[in-house]
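Down below is the structure, laid out as structure tokens.
The values are calculated or read from the model by the stated rules, or taken from the named source; none is laboratory data. Treat the numbers as computed from the prediction; the structure is a model and nothing was measured. Here the Cβ positions follow ideal geometry from the backbone for every residue, glycine too, while neighbour counts run over all protein chains shown.
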Amino acid sequence: MLTDTACRNATCPEGKARHRLADAGGLYLEVTPAGSRRWFVKYRHAGKERRLALGNYPDVTLKIAREGRDAARTVRQTGADPVQARKADRLAKRASGANTFEAVAREFYATKRDAWSESHGTQWIRATEKDLFPWIGALPLASLTAPMLRETLRRVEARGARYMARDLCEFAGQVFRYGIATGRCERNPAADLRGALAPHVEKHAAAILDPVKAGELLRSIAGYKGQPSTRAALLLSALLFQRPGNIRAMEWAEIDAEAALWTIPAAKMKRTKAGKLNGRPHLVPLAPQALAILAELRPLTGHGRYVFPSLLTGERCMSENTVRTALRRMGYGNDDMTAHGFRAMARTLIAERLHGIAPDVIEAQLAHGKTGPLGMAYDRAEYMTQRRSLMSAWADYLDRLRNGAQVLAFKTA
């Protein structure tokens, strides 16, 4: 029988590749010339001699090594091979670690990241890392219940982020559905929370929808005393009603004055990653009024890349706060009018005041996707002829509003 002192002083005789010090029940300490000391237990299984490693001395003491030998004997009494039983246990633990909510969520994210837009992918992983992983990330996916997920989302709601709580519920549901598909769980508890989350009342971007007030806004813009490029950005926001980010990032290379056309590359559009890579550019017909504004602006910024360069550096486009600040200087707060509100103003007034324009033509000019499951796949009409007429009619209508003319609905040709 070995003692702890014998184990501590054990050495390998000179000239031997290894030296074994035997205990009882097949347990022994193997010592090498380099000084390493490892525990093994020797046994027979299926008529063959096998050995099971129990670890290094002194990390594994004599007492712990004997407990390992006894555990191996218990396994053998069941008819199993201790080495194979250990391998199976390690695989089970590894599989259990791969079945936690965080592990499955990260696996799902890795499969979807290349197909998602960069902004959505970044939001998805940041939100789950911040608000889901700290509370349920270490738990097995199959063990999570609707009340457990609800309790986690309550923390998000408690800080007033109700919309984020609903997004997180959707993100969690995606993870559970992926877990079902990959055999890590059998149901999606996020689906049981439908109606259980605090309601989020969506507040649309403020917009002026009354023709008279729209005329007042246009006169305020015409009299704006700030930077000429900011005034031009406000005017083109009203005339072209494209997304604020696209207006700010407009480049001179995208403007074809001869063809009266602004071509926005697909990569700049609000689309899925596949749509940015494979989609067609968005075409914006330019009415004479828009061309005139660009012609006036070209001597000021035409030497650079952007139509609306940053006032600090021409290497970047205009800040997203520039138009908002200009509106405030003119007396329009966030509850009155926003940069995005020009789109709602155009959509509403065109539908109500410029009769005879098909909704699909307006939606195409707004760069809204086709409705229906097969809309984008089969309906690829761009309505360019109709959109050119629309943009001219809209520009003329804005002129009448700015000049204070009678603002009655009329029919377009």
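Take the residues in the range 49-91 that are surrounded by fewer than 17 Cβ atoms within 10 Å (Cβ to Cβ) and acidic (Asp, Glu), then tell me which one is nearest to residue 7 (Cα to Cα).
59
Does the range 1-32 hold any residues that are surrounded by 13 or more Cβ atoms within 10 Å (Cβ to Cβ) and either over 16 Å from residue 56 (Cα atoms) or out of contact with any strand residue (DSSP E or B) (no Cβ under 7 Å at 6 or more places or on another chain) (or both), and which are they?
The answer is 23, 25, 26, 32.
Inside the range 21-33, can you point out the residues that are at negative phi and under 59 Å from the mean Cα position of the chain (by Cα)?
27, 28, 29, 30, 31, 32, 33
Go through the residues of the range 204-223 one by one and say whether even a single one is under 23 Å from the mean Cα position of the chain (by Cα) and either surrounded by fewer than 20 Cβ atoms within 10 Å (Cβ to Cβ) or not assigned by TED's automatic domain parsing to the domain that holds residue 385 (or both).
Yes.
Can residue 278 be described as farther than 20 Å from residue 209 by Cα and either outside the structural domain of residue 216 (by TED's automatic domain parsing) or not charged (D, E, K, R) (or both)?
yes
Among the numbered criteria (1) over 27 Å from residue 120 (Cα atoms); (2) surrounded by 14 or more Cβ atoms within 10 Å (Cβ to Cβ), which one does residue 259 miss?
Looking at each condition in turn, residue 259 falls short on (2).
Restricting attention to the range 34-48, which residues are within 17 Å of residue 2 (Cα to Cα) and more than 52 Å from the chain's Cα centre (by Cα)?
The answer is 41, 42.
Taking the criterion of being buried (at least 18 other Cβ atoms within 10 Å of the Cβ), among the β-branched types (Val, Ile, Thr) and either within 23 Å of residue 252 (Cα to Cα) or at pLDDT 95 or above (or both), would at least one residue in the range 271-284 satisfy it?
yes
Going through the range 29-52 one residue at a time, which ones are in a strand (DSSP E or B) and closer than 25 Å to residue 15 by Cβ?
Listed by number, the residues that qualify are 29, 30, 31, 37, 38, 39, 40, 42, 51.
Within the range 63-81, identify whether any single residue is more than 48 Å from the chain's Cα centre (by Cα), outside any loop (DSSP other than H, G, I, E, B) and polar (S, T, N, Q), and answer yes or no.
Within the range 63-81, one or more residues are more than 48 Å from the chain's Cα centre (by Cα), outside any loop (DSSP other than H, G, I, E, B) and polar (S, T, N, Q).
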